[in-house]
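In what follows, a structure is listed as structure tokens, so that the remarks can point back to it.
The values are calculated or read from the model by the stated rules, or taken from the named source; none is laboratory data. From a predicted model like this one, the values you see are computed outputs, not experimental measurements. Ideal geometry is used to build each Cβ from the backbone, glycine not excepted, and the neighbour counts take in all protein chains shown.
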Amino acid sequence: MAEPSPSSSHDFLDPEILGRLSTIPLDARRGMIGSVSGRHRSPVKGSSLEFAQYRKYVPGDDLRRMDWRAWGRSDRYYIKEFEADTNLRLCLVVDTSGSMNYQAGAIVKLDYARRLAGTLAFLAARQGDAVGLYCAAEGFQKEIPPKRGGAHLKVVLDEMAGMKASGTTGLVAALHEAAEKIKSRALVVIISDLFVEPETLNEAFQHLRFRKHDVAVFHLLEEREIKFDFDRPTRFVDLEGNAALVVDPSLAGRRYRDAMRRYLDEVAVIVRDAAVDYHQVVVEEKYDEVLARFLLGRHTGLKTRR
Amino acid sequence: MNFLQLGMLLALPLAAVPVIIHLIHQQRHRTVKWAAMMFLMDAKRMNHGIDQLRQILILAMRVLALLFLIFAVSRPLVSGWLGLAMGGAADTTLILLDRSASMEETDVASGLSKRETAVRRVADALEKGVRSERIVLIDSALLQPVEIQQPSDLANLPQTGPTATRANIPGLLQAAMDYAVAQKLGNAEIWLCSDLRTGDWQPDSGAWESLRASARELPNLRWRLLTFPDGSPDNLGVQVEAVRRRELPGNSGAELLLDLEVRRQGQGPATLPFGLVVNGVRTVSEIPLEGDRQKIRGVSVAVGRESSEGWGMVELPSDRNAMDDRAFFVFAPEAARRSVVVAESEKIAAPLLAALRARVEPGAAYESDFVALSKVAQVDWDAAMLVVWQAALPAADSLEAKHLNQFVQSGRTVLFFPPDGPDANRLFGISWEDWKTAAREEQQVAWWRTDAEILANTGDGKALPLGELKVKRFRAVSGDGLILARSADGAALVMRGDVARGSALFCGLSPDPGATSLAADGVAFFVLLHRALAKGVSAGARAQQWEAGPDALGDGTWERLGSAGEALGAERGLQAGAYRSGERFRALNRPAGEGDPERLDSAELATLLAGFDYRVIEGRAGEGGALANEIWRSLVILMGLALLAEAILCLPPAPDPAKRRFESAA
């Protein structure tokens, strides 16, 4: 397979960052069922170099996998099994509802999401994994099933470059739909501001978990959204509609922060219960640092488990 | 409310500036496109009511602060009681001034009496604040409306000077209402200045009912009561109740015997020094005092045998009310106490004549003549001091009726007993009803007035034995007079018709033994006749003790004795003093009831003035506070308070722990 490389139209990809992050493998936290051999553990036994276990011979087993030395020592027939290495199916679910148009300082949330998703897609493709893209607004705006190959990556990156945020959020419905559509185990990476009711979010995560997907979430927030440190009455216009509210921060700020704190606490409980690899991202952070933390976390976690 | 800088009120619309700024500010909010609306809407929903209330309060405080500032700069004047001032300016201001003797109670420090204080304060209020197009004064002594040009003139008017009179407050209010009706006053403010003495206000008077009804019909009249309810705890007052001259045996001359009444409020000295002036010669004596009201009989003053007539004065040490420290008296040889009995028969006249000829006071001559009804023309009306009329009432236009009327007008008394036959005539507004047989003879006189008038209790407080009379038949009295006694079935038995200074007494109990035991039992009969005679004597005598009043010196040219000063015009007769007109002497003193310290309390006042739109301002003699004050200082303080409240409302809330947590997490 040809080595993928970012083109000039994919300016959300930074070759330097790609080069730096490519030294850290993208690992799945659980066994993946891929179509080809890869660098990821599979729940089924295969022919990798890594010994898995012995099991008694049953008629029909491949005699080539018989451990003759064991037969010599014990006069019993054992089959030697090895771990199967397979490829990973990375499904990127990007929230493209209107709220992702929120601009925090110099960067819009959607651009931030684009960089995260693009970099992850590139890294996954680079290590031979399949990459798919799902843009979630009111239902899936775009849906590219995961496939391997540089050509497919280009399609995915082109699609990412053309993503636009609009409409009300349909993230929860989109996640339920993704859970049903992605047949085999996959790494589902959700990049969203998650501004939905926590109860509905919980159901969606549990659905993905039930389908044995490895779920990771980049929860994009902006510092001002958390602290709400406005100093004078302001007219707030909803990005997912045109509703406007005039709010005096001195009067409503405390209650806003209380509501935000309750929401984050609830989300923390939900992701813990659903074993979601949750990353709260303040978009003022550099995205490469966020991704490095994400990749390292998964890699070191995997090694620890092994 | 009035304003010294009225033009500044044009700035009042500026008070709306905070609201306008708020509205503009609302349109100029910074607009932010926001993603986390779900939290914002939650916060807004939870905070909506409090937020709005706070905003409204902040705006209200800002508007109030500006309003107070504008009002302060316009220098408003309000009456002493803020509520008074809210009524707006009046077209006419009527000042009703109580000029009774009790209003002369003086503040020692300032030397101002209640009357002077009232006049000053009202004048000050009119000068500074409560201006109106017309100012009218009605005083209690004359009851005549006088238009005032300038409020400052009030203090110099004779109509606001002191008098020794008693006020008739119902009459004063009626005069004000009559004026309001006559002048068709649309919007008038009436200031009534009084010390609330019960004797002046006459709460038992039947006039109050009609006054209240009139007040309801005149809702545009706003009544302001400037009252002086405080008393003078150490005040002493004296009155001369009677004066008699007695020749002493031998050549030792003569003496005057004075009956005095001394009143004091609160505790005072055990003995009282007092001065006695007789015909300009002053002597000083001392009397022991017990209680707050003491009658002293027969205070003796030696006079020369040749001093058969003259004047005198009792003087108490000076105290807070100089008006009651002096009491004048006059004396002169008494003429015979002549009475005339006009009766249907000599038989009926006999007990009357017997009683009237009995000598009550030593040294006095009592003469009484019977005149048959057919010879009424022979009655010497000028010489008689009492006429007893036991016959049918003369027709109103008859000569007899005219004589009787003039007789009563002169201050003397006519005592009417019921005729035997039918009588349909009416005199002095009173007529006889038909004879009525009593259901039982005993206790037919069920009620009579014991506190005053001709049937009052005796000097030692005992009631007249009217209840013991046996009454077989009687004639009830009907008319507009004052009822003095009632029968068991409620019919009027004794009634007094008022005619100027004199009185016409109608007694429905006949002296005929066939009708009542009035003559036989004697006591009540005797007292009745001699009290009526005494009243006539006091009116017809050369030396008369009168109450000060506008009519007291109206019947001649009177020269004041012992003093060069003489009041002019209508003010004649309002001052206490001794006067002479030819052979006649007259002492004018304050009325007896003026010494009574009893005052109306607020509940009684409210009862009397039910239906009046009135407010009360309590004052004190000598009090300098103006009825109209500038209140800009108070308004500045209020403005400060409004700004302080606004600042408190604008304070940011206490540090938010959730915010700190986010900040530390960040």
When (1) among the aromatic types (F, W, Y); (2) within 14 Å of another protein chain (Cβ to nearest Cβ); (3) more than 24 Å from B:K44 (Cβ to Cβ) are applied to A:F205, the one that fails is (2)
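For the range B:26-58: of the residues being assigned to a loop (DSSP other than H, G, I, E, B) and within 7 Å of chain A (Cβ to nearest Cβ), which is surrounded by the fewest Cβ atoms within 10 Å (Cβ to Cβ)? Write out each step before concluding.
Kept after step one, since they are assigned to a loop (DSSP other than H, G, I, E, B), are these residues of the range B:26-58: B:28-29, B:35-36.
If we keep only those that are within 7 Å of chain A (Cβ to nearest Cβ) as well, we get B:29, B:35-36.
On the way: B:H29: 16, B:A35: 28, B:A36: 24.
Among those residues, the one meeting the criterion is B:H29.
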Which pairs do you get when a residue that is more than 17 Å from B:F474 (Cα to Cα) and at pLDDT below 90, found in the range B:516-533, comes within reach of a residue that is part of a helix (DSSP H, G or I) and not aliphatic (A, V, I, L, M), reach meaning Cβ atoms under 9 angstrom, with the pair 6+ apart or on two chains?
B:G522/B:P351; B:V523/B:P465; B:V523/B:E468
Residue check, A:D277 farther than 17 Å from A:F195 by Cβ, more than 12 Å from every other protein chain (Cβ to nearest Cβ) and not polar (S, T, N, Q):
yes
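Can you go through B:D42, B:D91, B:D98 and tell me which one is over 23 Å from B:I648 (Cα atoms), modelled with pLDDT of 90 or more and among the acidic types (D, E)? Walk me through how you get there before you give the answer.
On the way: B:D42 fails: modelled with pLDDT of 90 or more; B:D91 fails: modelled with pLDDT of 90 or more.
Exactly one of B:D42, B:D91, B:D98 is over 23 Å from B:I648 (Cα atoms), modelled with pLDDT of 90 or more and among the acidic types (D, E), namely B:D98.
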Which residue out of A:R224, A:R185, A:R235, A:R209 is touching a residue at least 60 places away in the same chain (Cβ under 8 Å), more than 17 Å from the chain's Cα centre (by Cα) and surrounded by 15 or more Cβ atoms within 10 Å (Cβ to Cβ)?
A:R224
Considering every residue within the range A:254-269, establish whether at least one is more than 27 Å from A:R115 (Cα to Cα) and more than 14 Å from every other protein chain (Cβ to nearest Cβ).
yes
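On the given criteria, is B:L568 at pLDDT 85 or above, among the aliphatic types (A, V, I, L, M) and either surrounded by fewer than 19 Cβ atoms within 10 Å (Cβ to Cβ) or closer than 23 Å to B:S410 by Cβ (or both)? Even if it seems obvious, please write down each step before you answer.
Working: at pLDDT 85 or above: no; among the aliphatic types (A, V, I, L, M): yes; either surrounded by fewer than 19 Cβ atoms within 10 Å (Cβ to Cβ) or closer than 23 Å to B:S410 by Cβ (or both): yes.
Answer is no for this residue.
How many residues are among the small types (G, A, S) and in contact (Cβ under 8 Å) with a residue 60 or more places away in the chain if we restrict to the range B:122-174? Give the steps one after another, and end with the answer.
Let us first name the residues in the range B:122-174 that are among the small types (G, A, S), namely B:123, B:125, B:129, B:132, B:140-141, B:152, B:155, B:161, B:164, B:167, B:171.
Going one step further and asking which of them are in contact (Cβ under 8 Å) with a residue 60 or more places away in the chain, we end up with B:125, B:129, B:140-141, B:161, B:164, B:167.
So the count comes out to 7.
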Tabulated pairs, the range B:583-608, first at negative phi, second assigned to a helix (DSSP H, G or I) and acidic (D, E), C-beta under 9 angstrom, 6+ apart or interchain:
B:R590/B:D324; B:G593/B:D200; B:E594/B:D200; B:E594/B:D324; B:G595/B:D324
Residues of the range A:238-253 that turn out to be surrounded by fewer than 18 Cβ atoms within 10 Å (Cβ to Cβ), facing another protein chain (nearest Cβ under 7 Å) and not in a loop (DSSP other than H, G, I, E, B), as a count
3
Of a type outside the set (S, T, Y) and surrounded by 17 or more Cβ atoms within 10 Å (Cβ to Cβ): does that describe B:P362?
no
Test for B:T437: is it under 30 Å from B:A543 (Cα atoms), in the same structural domain as B:V523 (by TED's automatic domain parsing) and out of contact with any His (no Cβ under 7 Å at 6 or more places or on another chain)
no
So B:R586 fits all but one of (1) under 30 Å from B:N220 (Cβ atoms); (2) modelled with pLDDT of 85 or more; what number is the exception?
(1)
Would you point out which residue out of A:K142, A:K212 is touching a helix residue (DSSP H, G or I) at 6+ places or on another chain (Cβ under 7 Å) and either within 25 Å of A:Q103 (Cβ to Cβ) or in the same structural domain as A:T23 (by TED's automatic domain parsing) (or both)?
A:K142
Restricting the range A:91-111 to residues that are under 20 Å from the mean Cα position of the chain (by Cα) and among the small types (G, A, S), which is farthest from the other protein chains (Cβ to nearest Cβ)?
A:S97
Please enumerate the residues belonging to the range B:333-363 that are assigned to a loop (DSSP other than H, G, I, E, B) and either among the charged types (D, E, K, R) or touching an Asp or Glu at 6+ places or on another chain (Cβ under 6 Å) (or both).
B:E334, B:A336, B:E344, B:R359, B:E361
Being more than 24 Å from B:A576 (Cβ to Cβ), surrounded by 21 or more Cβ atoms within 10 Å (Cβ to Cβ) and charged (D, E, K, R) is the filter here, so list the residues in the range B:212-266 that pass it.
B:R224
Every listed condition ((1) crowded, with 22+ Cβ neighbours inside 10 Å; (2) within 30 Å of B:G622 (Cβ to Cβ)) holds for B:E315 save (1)
Would the range B:8-18 turn up any residue that is more than 60 Å from the chain's Cα centre (by Cα) and either more than 11 Å from chain A (Cβ to nearest Cβ) or without any contact (Cβ under 8 Å) to a residue 60 or more places away in the chain (or both)?
no
Quick check on the range B:395-418. Is at least one of its residues surrounded by 20 or more Cβ atoms within 10 Å (Cβ to Cβ), of a type in the set (S, T, Y) and not in a helix (DSSP H, G or I)?
yes
If you scan the range B:149-167, which residues turn out to be assigned to a loop (DSSP other than H, G, I, E, B) and of a type in the set (A, V, I, L, M, F, W, C)?
B:L157, B:A164, B:A167
